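Peer 1: Before we start, here is the structure in question, set down as structure tokens.
The values are calculated or read from the model by the stated rules, or taken from the named source; none is laboratory data. For clarity, every value in this text was computed on a predicted model and none was experimentally measured. In this analysis, Cβ positions are derived from the backbone assuming ideal geometry, glycine residues included, and neighbour counts consider all displayed protein chains. Note: accessible area is taken over every heavy atom of the protein model, side chains too, but ligands, DNA and RNA are not part of it. Shrake-Rupley method; radii C 1.70, N 1.55, O 1.52, S 1.80 Å.
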Amino acid sequence: MKKRRKKRARPVPASAPAAPAKPAATRHPLLLFALAPVLAVLAFRSVSAFEFVGDARFLIVDNRFAHSLEHLSATLSHDYFWSSSGNIIPYWRPVTKLSWLFEWQLFRDWAGGYAWVNVAWHAFGSAGVAALALSLGRSRALAVASAVVYALHPIAIEPVSLIMARSDVVATSATIWAIASWHLWRRRVLAGEPARALLVLHGAATALALGSKEAALGLPLSLVVWAALEGDFARPARQRLRLLVPALVLGLLYFVTRKWLLERQAPGLSATAIAFDPLRIAASLGFYLRETFPLAQSSGLREVPVAEARSAAFLGKTLLTLGAFVALATVAWRRREMSLLALLAWVVAALLPVVLPKHIAVVTEAAKYPLADRWLYNALCPAILAWAALLERAGSSLEQRYAFPRARAARAGSALLGVWALVLLWRSSPDRAGLGSDLAMLDNEDRVFYQAIPPEYRTPRDDCRHDEGLLAKASLLKQPERVLELAPAALARCSAPEFDLYYLEALVALGRYDLAEPVARRLAAKPPHDRRSHGRVAALAGATLLERGHALEARPLIESAVRLGALACPSFIGLAEAARKQGRLAGAATYAETAYECGQRRDASLLVAAATWLAAAGERERARAVLERTRGLALSPDQAEQAGAVGREVGVE
């Protein structure tokens with residue numbers, strides 16, 4: 001009897017792609033993609049009543065270039081801060097500026113509309129988290145849980161609530177979809193299946209991310225690392241390039257265009273200086289990683305004084321956190337869990353742009369390391385998905401080692417997640433209230449930038465910022481007497497133009513123009529470093545000099561205030577009327593003349609009113625000079641009759 005020969009399995013060619021894990025099947029796809037977005041909308045339901053705060057006011061409301069589509073081309077070809085404020089910054093974010101340009105046509109000065117756009121992008125991003133989790137082979141329940149955690153995580157509160165953080169929200173959501181679509185597209189390409197729609201989605205999402213924030217340049221880098229970890233570099237060159245070319249080409253195009261436009265606007269504007277500070281990198285990464293815990297109740301991120309970062313307690317926490325991160329990456333490498341390793345690399349790539357640059361365009365000081373929720377938000381998705389991978393492994397270990405049913409563990413986890421979500425939804429409005437108005441923001445900033453810092457690590461700049469917050473709060477509450485009470489001591493401790501500005505504003509509000517004049521002249525000669533306040537300085541200094549009778553000196557300041565968006569021409573008519581009612585007829589006439597000049601000399605009735613008030617004030621010479629300016633102008637019959645009556649009164653034929 002012949003022995004049957006055993007059939008040997010044919011060896012798999014080295015170039016054959018490993019079969020990727022297939023996404024978990026689901027019977028309720030709508031639930032999967034809708035639950036997290038719905039919860040996101042519920043969590044941010046209070047944004048309808050929010051106001052423009054921080055940079056949003058000068059970028060949108062006070063920016064006349066953002067109100068008309070005729071400035072479309074200029075908006076796209078200038079830096080992010082380009083506006084009627086005259087400020088510049090080394091950022092080029094055309095998607096954000098273009099979005100606000102169109103949103104103004106819809107919402108005008110309703111801040112809630114812009115905030116809801118933020119919420120919509122965040123909700124869209126949460127659906128992308130679920131899609132990416134499924135494509136990575138996570139279970140349906142874990143994909144939903146990951147998306148819910150992303151939608152409600154406390155780190156998302158600041159960037160989603162603040163209109164001025166639009167770049168972070170769009171860049172983050174677009175990056176999530178760019179990577180999710182790339183992962184699915186890559187799988188189809190390797191399987192030889194058509195995937196044109198996924199390629200289009202990947203390209204569009206990548207372009208949106210890059211056009212929203214410079215940090216999105218880390219997206220192509222993340223994909224290169226991901227492809228390398230998955231072994232794509234061992235594939236044929238054509239296939240390898242096909243997978244990475246879209247993101248790399250778009251990234252290069254953005255980089256070159258940004259450099260060309262910013263350098264054309266101001267030489268050296270596009271440059272970014274890198275500072276390799278090991279302590280800053282370690283302290284920042286350690287703090288950021290600790291704040292990614294999935295079921296956190298609130299965010300504890302804040303600036304870290306250098307002295308605190310060097311302390312034994314802080315260094316201990318930092319080293320422990322980074323050690324755990326490195327250990328996790330090492331275990332993932334040894335077990336060939338390349339998707340987990342790629343997620344960890346994504347976290348680092350998302351954070352490097354905020355820990356390496358020497359200068360970040362935020363208000364801080366050399367003795368501190370700046371950190372912010374909106375910067376960690378860019379790394380929140382990969383961090384949550386990495387936590388999800390760890391949770392899935394823990395469930396498998398419980399089942400294999402202790403025979404603990406995975407279904408029971410899943411039910412317990414779902415119950416815990418449900419309680420956490422209900423608590424955050426219940427607290428959602430109070431948690432976001434500190435970001436809804438300038439007044440609330442002042443209290444929130446004092447808590448984060450002053451109260452949260454241990455007293456032994458506070459710097460003189462912290463004390464000055466606290467004093468400035470008290471002045472700003474009194475100013476917003478329309479309490480000029482309180483400002484005058486606080487200002488002398490604050491100016492003695494912290495001599496700075498910003499403090500002079502609050503002092504001048506209070507003096508003008510109280511009509512103390514004699515005391516305001518030297519402050520106004522000092523500010524006009526040396527305004528605050530931040531150019532966003534220059535319009536306000538020009539308006540207050542110009543009004544002070546007008547009231548003191550220095551019209552020629554005041555005029556360029558007034559024109560500057562109008563150009564920078566701090567004043568509108570009709571406001572001078574209101575000031576003239578208010579002065580008239582107070583019996584300050586000469587001052588009312590000055591405001592009327594200013595309104596005439598500001599309005600490009602179109603409304604001759606303002607000159608007639610100014611002459612009338614000057615005549616009543618007994619300033620006959622000035623009245624005659626104003627009447628002379630009306631000669632040859634088109635006056636209505638009533639205006640001509642009034643001008644004639646005033647002329648006869650002051651001796652003008």
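Peer 1: From the backbone phi of region 505-514, what are the Karplus-calculated ³J(HN,Hα) couplings (6.51 cos²θ - 1.76 cosθ + 1.60, θ = phi - 60°) in whole Hz, Gly and Pro given as x?
Peer 2: Once rounded to whole Hz, the list reads 4, 5, 5, 5, 4, 8, x, 8, 5, 5.
Peer 1: Between A204 and K581, how high is the FRET efficiency from 1/(1 + (r/R0)^6) when r is the Cβ-Cβ distance and R₀ = 45 Å? Nearest 0.05.
Peer 2: According to the calculation, E is roughly 0.20.
Peer 1: Further question on the same structure: To the nearest 0.05, how large is the calculated FRET efficiency for I360 and S396 if R₀ is 51 Å and r is the Cβ-Cβ distance?
Peer 2: My answer for the efficiency is 0.75.
Peer 1: I've got another one for you. How far, in nm, would the chain grow between A645 and S48 when pulled straight, counting 0.36 nm per residue and subtracting the alpha carbon separation?
Peer 2: In short, 209.5 nm is gained.
Peer 1: I would also like to ask the following. From the protein chains alone at 1.4 Å, what is the descending order of accessible area for R310, R334, largest first?
Peer 2: R334, R310
Peer 1: Using only Cα atoms, find the angle between the long axis of helix 569-581 and the longest principal axis of the chain, and express it within 0 to 90 degrees, rounded to the nearest 10.
Peer 2: The helix 569-581 is inclined about 50 degrees to the chain.
Peer 1: Shifting gears a bit: With each label point set 7 Å from Cα along the Cα-Cβ vector, what nm distance links A191 and A228?
Peer 2: With each label placed 7 Å out from Cα toward Cβ, I get 2.8 nm.
Peer 1: Sticking with this structure for a sec: Simple spin-label model, 7 Å along Cα-to-Cβ: R602 to R522 in nm?
Peer 2: Here the answer is 4.0 nm between the modelled labels.
Peer 1: How high is the relative contact order of the chain, in percent, with contacts defined as C-alpha pairs under 8 Å that are six or more residues apart?
Peer 2: That works out to 12 percent.
Peer 1: For Y369, which sequence-distant residues (separation of 5 or more, or a different chain) have an amide H within less than 5 Å of its own amide H, given hydrogens modelled in the peptide plane?
Peer 2: Counting only residues 5 or more places away or on other chains, the set is V304, V306.
Peer 1: Could I ask something else about it? How much of F449 can a 1.4 Å solvent probe reach, expressed as accessible area in Å² and rounded to 10?
Peer 2: 50 Å²
Peer 1: Of R555, R601, R548, which has the most accessible area with a 1.4 Å probe, and how do the rest follow in descending order?
Peer 2: R601, R548, R555
Peer 1: Here's another thing I want to ask about it. Just to confirm my understanding: which cysteines in the chain have no other cysteine beta carbon less than 4.7 Å from their beta carbon?
Peer 2: Cysteines lacking a close Cβ partner in the chain: C381.
Peer 1: Give K213/K358; K97/K358; K97/K213; K259/K526; K213/K526; K97/K259 a once-over and call out the pairs whose C-alpha atoms are over 21 Å from each other.
Peer 2: Cα-Cα > 21 Å for K97/K358; K259/K526; K213/K526; rest within.
Peer 1: Let me ask you something else. Ordering W121, W333 by how much accessible area each has at a 1.4 Å probe, largest first, what is the list?
Peer 2: Output order, biggest surface exposure first: W333, W121.
Peer 1: Follow-up. Rounded to the nearest 20 debye, what is the charge dipole size of region 217-328 about its Cα centre when +1 sits on each Lys and Arg Cβ and -1 on each Asp and Glu Cβ?
Peer 2: Here the size comes out at about 320 debye.
Peer 1: Here is a further query. Given a 1.4 Å probe and every protein chain left where it sits, what share in percent of the accessible area of the chain is carbon and sulfur?
Peer 2: Of the solvent-accessible surface of the chain, carbon and sulfur hold 61 percent.
Peer 1: Considering only the other residues whose Cβ falls under 11 Å of the Cβ of E517, what net charge follows from Lys and Arg at +1 and Asp and Glu at -1?
Peer 2: Within the 11 Å Cβ shell, the charges total +1.
Peer 1: Still on this model: Ordered by packing density, taken as the mean number of other Cβ atoms within 10 Å over each peptide's residues, highest first, how do 152-159, 346-353, 373-380, 619-626 rank?
Peer 2: Put in order of decreasing packing, that is 373-380, 152-159, 346-353, 619-626.
Peer 1: If one computes the Cα centroid of region 457-529 and of region 377-451, what distance in Å separates the two points?
Peer 2: Cα centres, region 457-529 to region 377-451: 41 Å.
Peer 1: Then there's this: Counting only heavy atoms of protein chains, what accessible area per residue, in Å², does the chain have with a probe of 1.4 Å?
Peer 2: Ligands and nucleic acids excluded, the figure is 48 Å² per residue.
Peer 1: Now for a different question. Using the Cβ atoms and a cut-off under 10 Å, what net charge is assigned to the surroundings of A616, where Lys and Arg are +1 and Asp and Glu are -1?
Peer 2: That works out to -1.
Peer 1: Kindly state, to the nearest 0.05, the FRET efficiency for T330 paired with N444, given R0 = 45 Å and r defined as their beta-carbon distance.
Peer 2: So the FRET efficiency works out to roughly 0.70.
Peer 1: Compute the signed sum of charges (Lys and Arg +1, Asp and Glu -1) over the other residues within less than 13 Å, Cβ to Cβ, of G587.
Peer 2: It works out to a net charge of +1.
Peer 1: Against the longest principal axis of the chain, how steep is helix 373-402, in degrees 0 to 90 to the nearest 10, with axes from Cα atoms?
Peer 2: Approximately 20 degrees, to the nearest 10.
Peer 1: Please state the charge dipole magnitude for the chain, taken about the Cα centre, from unit charges on C-beta atoms (+1 on K and R, -1 on D and E), reported in debye and rounded to the nearest 20.
Peer 2: 5320 debye
Peer 1: On to the next question. Heads up, I need the accessible area for H71: 1.4 angstrom probe, whole protein in place, Å², nearest 10.
Peer 2: Accessible area of H71: about 40 Å².
Peer 1: Using 0.36 nm per residue, how much length does the chain from A551 to E263 gain when fully extended, once their Cα-Cα distance is taken away?
Peer 2: My answer for the length gained is 99.8 nm.
Peer 1: At a probe size of 1.4 Å, how large is the accessible area of W110, to the nearest 10 Å²?
Peer 2: Number for this one is 110 Å².
Peer 1: Quick one: helix 620-629 against the long Cα principal axis of the chain, what's the angle to the nearest 10°, folded into 0 to 90?
Peer 2: 60 degrees
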